[in-house]
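What follows is a single structure, written as structure tokens, with notes after it.
The values are calculated or read from the model by the stated rules, or taken from the named source; none is laboratory data. Since the structure is predicted, the reported quantities are computational estimates derived from the model, not experimental observations. Cβ atoms come from the backbone with ideal geometry, glycine included; neighbour counts cover every protein chain shown. Areas reflect the complete protein model, heavy atoms only, side chains present, ligands, DNA and RNA absent. Shrake-Rupley method; radii C 1.70, N 1.55, O 1.52, S 1.80 Å.
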Amino acid sequence: MSSVTTPIDELLRGSLDHCVKCTICETQCPVSNVTPLFPGPKYAGPQAERYRVSDEPSVEWSVDYCSGCGICSMSCPQGVKIAEINAQARHKLKVQKGIPLRDRIITRPTWLGRAGTPVAPLANFTLGFRPLRVLGEKTLGVHRNGPAPKFAGRRFSRWARSHAAPATGRKIVYFHGCGTEYYEPWEGQKVVEILEHNGFRVEVPKQDCCGLPLQSSGLFDDARKVVLRLARALAPHVRDDPDTIIVGNATSCTLMLKREAREILDLENDPDLALVAERTYDICELLLELHDRGELKTDFKPVNERVAYHAPCQQQGHYIGKPALELLALIPELEVSEMNARCCGIAGTYGLKAEKYDIAMAVGADLFSQVRDSGADTVACDSETCRWQITHGTGRSSVHPIDFLHRAYGL
Amino acid sequence: MTTLSTDVLVIGGGATGAGVAWDAALRGFDVVLVDRGDLAEGTSGRFHGLVHSGGRYAVKDPKAAEECIAENRILRRIAADCIEDIGGFFVTTPWDDPAYADRFKDGCQATGVDCEEIDPALSLREEPRLNPDISRVFRVPDANIDVWKTVWAMAHGAQDRGARVLPYHAAVAFRRDGDRVTGARVRGARTGEEIDVEARVTVNASGAWAGRVADLAGIEGVRVLPGRGIMIAMNHRLVNTCVNRCQMPTDGDILVPIRTVCVIGTTDEHTGDPDDHTVRESEVDAMLDDGEKLVPGFRQARALRVWTGVRPLFEDAKASDTSTRDVTRAHALLDHDQRDGVTGFVTITGGKLTTFRLMAEETMNAVCRQLGEHRPCTTQTEPLPGSEQREHYRLGERLERKEEHLSGAQLICECEMVTRGKLEDAIRRRATTNLDDIRRLLRLGMGPCQGGFCIYRATGVLHGLDGLSAEQADAALQHFLQERWKGIWPILYGDQLRQARLDDWIFQGVLGVAHTPSSDGDRSAA
């Protein structure tokens, strides 16, 4: 007899009816192609789901090896919500088997950021100090070589508060996310300057994590609290004016706000989140739309460089094509080569975990060799964790695509 | 001609016949069990899988309700491994007479059917897809049962005690010695060879075919009305609890979750021929409408397969001529010594799957009476082979087993998680070349793709193991596809239509099965 089922289980589960077993998702899955530990998206998703009963205990550990990249859902020609079904199953497994301390720590960028920023030199030393990393691997299960980012030592929001915004211009709300706040505040400055250059008046509300790291590690209850707190913080800034939108440069976090939180965390009915989801744009999506309407300034100076562009899985999950490629193409003399690889492997925090690090590196191997073969010195990529992984895997520097726009504008 | 000598010859290898063989073997009799086809290929293998709580009959047929709840409790003990404890709801939908609910409650109390009224809101939390407009809900101890597993468990249990089990052996003539039946001659469908089975008592347990078998024995007037009903399996479990409409029994009022699917049933229509498997479009349509009343959105969910089963309804003197639902659902035991003055012959027919054990017990009591031997029945306490642990089956078992050998065990049937090892075991054990026999043992090809991705693999395995010629292997493949197709074409819409197209491209487009050289042999004969 059943106990309690949440309706979202049923909504996602229902999509398994569309599966015709074609196996396209399995040919595309970056993880199952490099390890036998994950049996593949078709197996773990629509196939295994038929054996899951809400009140029976979870019987699989293998679904934990799904990185949650979402390529399966994207590649499914029949519209099966494969990655989302897997996320639900992973959540159930985690709740039942207990959530490791590691997962509770590395999924909270706000805690880490607040703790690390004031003592950035020490924290960065610690993260770079091998004996301590070995200790961290043995005690916590964070792989010694995992690409941990460096604390910037200053916060983006502090810069934003002291930044003199233009008095006029079209209002836009900037969701910068934790990566910009604690690790790459300069990316946020560039976003603001590009938007101002194009006539926007940028508002930076007080904000926090979107909950994606928690969600992808199966900590759904915590993820719900966190994403709703963010929705409550952002919604008042757009509610009264139907033309005001939210823009973000952390592509996985904007995807969380647009779609994933609502679908995976059963938050379809939250009005604040619905409003935020409807108004949120990825930065490249917005800029390309402006360009299509003839509203983007194109006073780009030549940038005589070679760049390799990798569209991260989460960016592709927006279903907006690859706007960064089209934007980069606007810059005179910039030579852009598009990487034809599936995934860098990191999938947020997946590649940091000791038991998954090697898998993540094997997933990324194809991309890494393409980057090296491209002859580019720099890699452009929309997601910060992917950038860190690419730099880790290739030794090449990596930036958000807007870096090149910023340089070409001469800002 | 081979001759066999035995105490009890059982004709009919459905739940009842296998139950009689198991009961007889436990009482220490030597047994031969024959069926014209595979075990549980007829009515037993063609039902929705529900072990009734008795609630369905609580108002209309109190005796049946009492039998059901008693047998339900026994089956949970003796066939635990074949049974999943899903529980059941009786729900009052807007289409049901609201006054029936109180009669239902009283009926359950009077017949001893465990029944607890619960808040509809609670039932909706447990089963979120259920129609939110239900007004009353009663919880009852419904269960589901894997009939093939049950029947084979009884057959193996009997074999362990010396019984001989002969599927694909049809009775072609009876042995008579004056007013005594002394066994029958059976013919192997594959070999064509006849076996003369001499038996002290012959049990006619052929269900809807019991009239024909009795005729063959020269017994007149055993009339069994086949009542044809259709069932539709949906692609996955829309509910995890059996859902019954709280009303007088009618069409399309039960939705049973069993294994990876859920089954809605059923209709009830008189047919002259128990082998009539017609499915009419209007019946499918009506069934989907009924599903919609229980689970809104039912028509958008994926229907996997439709099939028909024929109930054996024994006609008594008062039987009306049109609706079979009013003909007695109770089982009928005919002691032909008392009825016709013919000894050595007993017919058991009618009844329902839930009470098969009771039917077998009563049958063997009659056999003992005829033989003048007192041997008590023990089937109510003796667990079936495989059920000794008394733990109920859980849906996740195959998934769990596969996790233990994730990269080691090759999956042949992905939908139903049949590994190569299991398939090879089953082929060897059954010594069959008929993939449909293997399907009943393993659920091979019973999932969403209906064999689309596993049957060519299974054929390859069969070919490799059995030393079949390429032509025979092709014929096995084609036979299986034909059998699957019968259940797919009447529900070709939506997702299953897309699946059928893909399967068609695989088999016709890529493999060209229609043009493979194959033998013309009857593949239903194993």
Can you list, bin by bin at 10 Å, the percent of alpha carbon pairs in region B:111-257, starting at 0?
8, 24, 24, 19, 16, 8, 1
First check a/c for chain B, with a ≥ b ≥ c the square roots of the eigenvalues of its C-alpha gyration tensor; if it is under 1.5, answer rounded, and if not, answer prolate when a/b is larger than b/c or oblate otherwise.
oblate
Residue list for region A:56-84, given a label point 7 angstrom along the Cα-to-Cβ vector of B:Trp505 and an amide N cut-off under 18 Å:
A:75-80
For A:Arg224, A:Arg130, the accessible-area ranking with a 1.4 Å probe, largest leading, is A:Arg130, A:Arg224
Region A:297-409, Rg to Rh (Cα coordinates; Rh as Kirkwood inverse mean 1/r):
0.99
At a Cα cut-off below 17 Å, give the aspartates and glutamates reachable from A:Lys138, other chains included and same-chain residues fewer than 8 away excluded.
A:Asp103, A:Glu355, A:Asp358
Ordered by residue, what ³J(HN,Hα) values in Hz, to whole numbers, does region A:211-223 give under the Karplus form 6.51 cos²θ - 1.76 cosθ + 1.60, where θ = phi - 60° and Gly and Pro are x?
x, 4, x, 5, 4, 6, 8, x, 8, 5, 4, 5, 4
Calculate, axis by axis, the spread of Cα positions in chain A along the three principal axes, and write the results as whole Å, longest axis first.
63, 50, 43
Per-residue accessible area for B:Arg103 at 1.4 Å probe radius, Å² rounded to 10?
120 Å²
Equivalent ellipsoid dimensions for region A:150-286 as semi-axes, Å, which come from the Cα gyration tensor, largest first:
24, 18, 11
Ratio of the Cα radius of gyration of region B:181-245 to 2.2 N^0.38 Å, where N counts its residues
1.78
Where A meets B: accessible area buried, both sides, 1.4 Å probe, Å²:
3400 Å²
Among the listed pairs A:Lys92/A:Lys322; A:Lys42/B:Lys422; A:Lys97/A:Lys353; A:Lys356/B:Lys422, which have their C-alpha atoms separated by more than 23 angstrom in this model?
A:Lys92/A:Lys322; A:Lys356/B:Lys422
Average partner chain C-beta neighbours within 10 Å, per residue of B:120-127?
3
List the equivalent ellipsoid semi-axes of region B:409-471 in whole Å, largest first, each obtained as the square root of 5λ for an eigenvalue λ of the Cα gyration tensor.
17, 12, 11
Taking each pair of distinct Cα atoms in region B:388-526 once, what is the resulting Kirkwood hydrodynamic radius in Å?
15.9 Å
How much of the DSSP beta bridge set in chain B is antiparallel, as a percent to the nearest 5?
70 percent
Return the sequence-ordered ³J(HN,Hα) values of region B:137-152 in whole Hz as given by the Karplus equation 6.51 cos²θ - 1.76 cosθ + 1.60 applied to θ = phi - 60°, using x for Gly and Pro.
9, 10, 9, 10, x, 5, 9, 10, 9, 8, 5, 5, 5, 5, 5, 5
Largest-first principal axis extents, alpha carbons of region A:1-154, Å:
53, 36, 29
What order do B:Cys449, B:Cys115 take when sorted by accessible area (1.4 Å probe), most exposed first?
B:Cys115, B:Cys449
How large is the accessible surface of A:Ser162 in square angstrom, using a 1.4 angstrom probe and rounding to the nearest 10?
90 Å²
Heads up, I need the accessible area for A:Lys258: 1.4 angstrom probe, whole protein in place, Å², nearest 10.
40 Å²
Excluding ligands, DNA and RNA, what is the solvent-accessible area per residue of region B:83-227 at a probe of 1.4 Å, expressed in Å²?
39 Å²
Please report, as a whole percent, how much of the solvent-accessible surface of the protein assembly as shown comes from carbon and sulfur atoms (probe radius 1.4 Å).
51 percent
Report the rotationally averaged projected area of region B:85-166 based on its alpha-carbon convex hull, in square nanometres.
8.2 nm²
Accessible area in the full protein assembly, largest first, 1.4 Å probe, for A:Trp186, A:Trp159, B:Trp152, B:Trp95
B:Trp95, A:Trp186, A:Trp159, B:Trp152
Taking a quarter of the surface of the Cα convex hull of region B:262-417, what do you get in nm²?
15.1 nm²
Per residue, how many Å² of accessible area does chain A show with a 1.4 Å probe?
38 Å²
Give or take rounding to whole Å, what are the principal axis extents of the alpha carbon atoms in region A:7-97, in descending order?
31, 27, 18
Of all DSSP beta bridges having both residues in chain A, the percent classed as antiparallel (nearest 5) is 5 percent
Which of the lysines could a cross-linker span from B:Lys63 if the Cα-Cα distance has to be under 26 Å and same-chain partners fewer than 8 positions apart are dropped?
B:Lys105, B:Lys318, B:Lys352
Please compute the Kirkwood hydrodynamic radius over the protein assembly as shown, one decimal place, Å, based on all pairs of different Cα atoms.
31.2 Å
The set of cysteines in chain B having no other cysteine's C-beta under 4.7 Å reads B:Cys68, B:Cys82, B:Cys242, B:Cys246, B:Cys262, B:Cys368, B:Cys377, B:Cys415, B:Cys449
Hey, can you list the residues from region A:29-65 whose accessible area shrinks by 30 Å² or more with all protein chains present, relative to the chain by itself (probe 1.4 Å, no ligands or nucleic acids)?
A:Pro36, A:Tyr43, A:Gln47, A:Arg50, A:Tyr51, A:Val53, A:Glu56, A:Val59, A:Trp61
